[in-house]
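Presented below is the structure to which this report refers.
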Amino acid sequence: MLWVDEKTFIQRNEEGKVTHFQGLVVDITERKEAQKMLEIQRELGKELSTTWNLQKILNRVLDSCLQINGLNVGSVYLKDELMDQINLVTYRGISPEFREMVSRYKADSLEARQILIGKPIYSLEFYPYSMADAVKGEGIKAVAIIPLEYRGEIVGSLNFASRTLDRIPWNIRNFLESIALQVVNYVAPVCIQAELS
């Protein structure tokens, strides 16, 4: 979708008679998308502050982020220290077969090692070569893997994918990274509290 701001100007001659119209059309799509992202982030922040239910928090994060044009797939992974792996805890937009393939990453797997480095990943090379056909079968063309870091430790990741974009644009990358910073401050304390109970 393309947003435009359109203005029309009436041009007159020296006697004040209309001679012609001039138009100006400006693409304001980026401005509208930025406005939408700020609104989503604000609403998400308000909603997260009202619950301590981990599943509600994670579902709200995915539902909010998937409002962004171009993002079709979302998932949240959390680290399981006891099992020494990173587990899929909630998701949207993937087939049951693909979900089974990506439901857990052992700590020594390529995927987990990349997440645990703590830097966002925007490349399909996140997935091992053995997953190439499955990723293609899901129609995934671009990914965003955003580690969730809390007090210097990776506690999980927000993973998003697109079936329509060939790469995740900078504005969406910035939005997702900001969301991750916001969300981890709600997710990590809830996880810590659950471990202590």
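The values are calculated or read from the model by the stated rules, or taken from the named source; none is laboratory data. On a predicted model such as this, the values are computed, not experimentally measured, just so you know. Because the Cβ atoms are built from the backbone with ideal geometry, glycine has one as well, and the counts that use them run over all protein chains shown.
Return the only residue of 115, 121, 179, 172 being touching a residue at least 24 places away in the same chain (Cβ under 8 Å), farther than 18 Å from residue 66 by Cβ and out of contact with any Ser or Thr (no Cβ under 7 Å at 6 or more places or on another chain).
Details: 115 fails: out of contact with any Ser or Thr (no Cβ under 7 Å at 6 or more places or on another chain); 179 fails: farther than 18 Å from residue 66 by Cβ; 172 fails: farther than 18 Å from residue 66 by Cβ.
The conditions single out 121.
Of the strands (runs of 3 or more DSSP E) contained entirely in segment 1-96, those carrying at least 2 residues that are at pLDDT 85 or above, more than 22 Å from residue 184 (Cβ to Cβ) and among the polar types (S, T, N, Q) fall at 4-12, 18-27. With respect to the stated conditions, residue 32 is surrounded by 15 or more Cβ atoms within 10 Å (Cβ to Cβ), in contact (Cβ under 8 Å) with a residue 24 or more places away in the chain and either within 29 Å of residue 169 (Cα to Cα) or of a type outside the set (A, V, I, L, M) (or both). Restricting attention to segment 50-100 and to residues that are under 18 Å from the mean Cα position of the chain (by Cα), of a type in the set (D, E, K, R) and closer than 23 Å to residue 114 by Cβ, the residue that is surrounded by the fewest Cβ atoms within 10 Å (Cβ to Cβ) turns out to be 99.
Look through 88, 116 and report the one residue that is closer than 19 Å to residue 54 by Cα and of a type in the set (A, V, I, L, M). Spell out the reasoning first.
Working: 116 fails: closer than 19 Å to residue 54 by Cα.
Within the list 88, 116, the selection yields 88.
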